[in-house]
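Below: the structure, in structure tokens.
The values are calculated or read from the model by the stated rules, or taken from the named source; none is laboratory data. If you're wondering where the values come from, they're calculated on a predicted model, not measured in any experiment. Because the Cβ atoms are built from the backbone with ideal geometry, glycine has one as well, and the counts that use them run over all protein chains shown. Protein only, heavy atoms only, side chains kept; ligands, DNA and RNA dropped before computing areas. Shrake-Rupley method; radii C 1.70, N 1.55, O 1.52, S 1.80 Å.
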Amino acid sequence: MAYNNDMNNEEIWRAVLGELEVSLTRANFITWFKDTFVSSFENQRIIICVPNGFVKKWLEEKYHKVILHSLEKISKQKISEIIYKIELQKNNALVGSTIIKPKQDEVTINSKGFEKVEPIAKYGLNPRYLFENFVVGKSNELAHAACRAVVNDLGKAYNPLFIYGGVGLGKTHLLQAIGNEAAKFTNKILYTTSEKFTNNYIQAVQTGKAKDFKNAYRNVDVLLIDDVQFMGGKDGTQEEFFHTFNELQQGDKQIVMTSDRPPKSIPAIEKRLISRFESGMVADVGKPDMETKIAILERRSTEKNFSLDKDVLIYIANNVQNNIRELEGALNKIIVIHQLNNSVPTLKSVKNALSDYVSDIKAKSMNAKDVIEAVAQFYEITIKEIIGSSRKKELVKPRQIAIYLIREELGSSYPNIGAEVGGRDHTTAMHAYNKILTEIKENDNEKMKQEIISIKQTLNNHPY
Ligand code: ADP
Ligand code: MG
């Protein structure tokens, strides 16, 4: 064997996945690395098997460098070539091995109902939500690509598709864009929110129309369910949705869901539903970066025949941090004010127009204090202890992790981090950051990786 004799292909790949897992969001990790494995590794040439062309392309284009780097490090040798090959291997995937496919006997198939039910007329879609006017950037490219892939091959590419992310980041827009696009091929589309699903279901049961309800939801080609997190704690609804889900999935009917958090983090939701939600593809949308925000502002203002200078766009993008809905709200406000006064927008007038808005938003966004608080909670210590000066081991580690996370999650500068964490010097912040990085990247500290993932999850679950 040409490589590190102590490890076989599977062990090497497992170690690589372990490294990647900490550096990616869970959604990205599951999406791109679920069902991957190494089929051969000889003469510095490695074949990585992936489940489909979409993943292949993505790994080649986006993850090749990190995979190569990690492989070389773990196998302790130079690698001359990585080949990504489409190949499925049963029961041998390293990621997502807990995913359960629906069992035949759990599904109620109701073939008779299929013919009779009327297609749902308007599908509940807003015609404004289209792929054409969705601006793609780093924060949403994964979800966008997944939605496109789904429409191109309904029921087959990824089923279900589960999109999650904070409020106002474009989940409903994408979900409905799928519906509007799919409407070109089929009229059996249903868009609904999980709240409506719940209410309709309860009403149907009360009025003895449960059967009609079942038929309506099960006789669609595309089921789009928005905000599934609201199903948490509603047992009857979950039961009903479980069966609807199975029947659609078995019939290769497309299901797309959105949620404000990943499946596992939805409170009071049945395990079997979580495993269903994760059984296709999970994609996240994050907060937009500057470029995306500016592109969205430019596009929206053009749509409204309103023109803004670059410095004004930058000011708005810089000050509206949280989400795209707020970005649009800020823009609308600027347009209305300037149209009312019949004035040309300048940086000064825009600052003025947004003054309340900006201070409001600033108060709401996630900051270093939120990170410190989450770390303190996780390690069951106080905020004072984290920012304090004690060198006790059980305080130093959380402190360093807080610094690491502030840097990773907020991108703050070292001097700023130092100031936030008890007025420390920037070199202390830098040292702490590097210490944690080494610990998880080079020393492969599994426990610490897990802890960081958990803290990140609690942070992401906050509606900042
Ligand atoms: P969510 O469902 O995640 O809360 P929405 O889909 O309702 O968010 O998006 C909020 C607003 O922002 C909508 O008006 C939507 O059209 C707009 N929006 C979100 N993302 C984008 C994007 N990438 N490009 C253009 N508009 C967007
Ligand atoms: Mg929404």
Segments classed as helices (runs of 4 or more DSSP H), wholly inside the range 116-211, with at least 3 members that are touching a strand residue (DSSP E or B) at 6+ places or on another chain (Cβ under 8 Å), at pLDDT 95 or above and of a type in the set (Val, Ile, Thr): none
Some residue of the range 218-239 being hydrophobic (A, V, I, L, M, F, W, C), at pLDDT 95 or above, more than 16 Å from ligand 1 (Cβ to nearest atom) and in a strand (DSSP E or B): yes
Residue in the range 176-199 that is more than 11 Å from ligand 1 (Cβ to nearest atom), open to solvent by 10 Å² or more (accessible area, probe 1.4 Å), among the small types (Gly, Ala, Ser) and within 19 Å of GLN249 (Cβ to Cβ) present: no
Total residues in the range 53-86, condition in a loop (DSSP other than H, G, I, E, B), surrounded by fewer than 16 Cβ atoms within 10 Å (Cβ to Cβ) and not polar (S, T, N, Q): 2
Subset of the range 294-314 [open to solvent by less than 40 Å² (accessible area, probe 1.4 Å) and either in the same structural domain as LYS456 (by TED's automatic domain parsing) or among the hydroxyl-bearing types (Ser, Thr, Tyr) (or both)]: SER301
Those helices (runs of 4 or more DSSP H) lying entirely in the range 413-464 with at least 1 residues under 14 Å from PRO398 (Cα atoms) and open to solvent by 50 Å² or more (accessible area, probe 1.4 Å): 426-441, 446-460
Test: residue in the range 213-225 that is of a type in the set (Lys, Arg), away from ligand 2 (no atom under 16 Å from the Cβ) and surrounded by fewer than 20 Cβ atoms within 10 Å (Cβ to Cβ): no
Long-range neighbours under 6 Å by Cβ, at least six apart or interchain, first residue in the same structural domain as ARG14 (by TED's automatic domain parsing) within the range 41-66, second modelled with pLDDT of 90 or more and in a helix (DSSP H, G or I): PHE54/ALA149
Matching residues in the range 30-52 - criterion: being in a helix (DSSP H, G or I) and open to solvent by less than 10 Å² (accessible area, probe 1.4 Å): TRP32, PHE33
Any chance LYS287 is out of contact with any Pro (no Cβ under 9 Å at 6 or more places or on another chain), closer than 21 Å to ILE163 by Cβ and open to solvent by 30 Å² or more (accessible area, probe 1.4 Å): yes
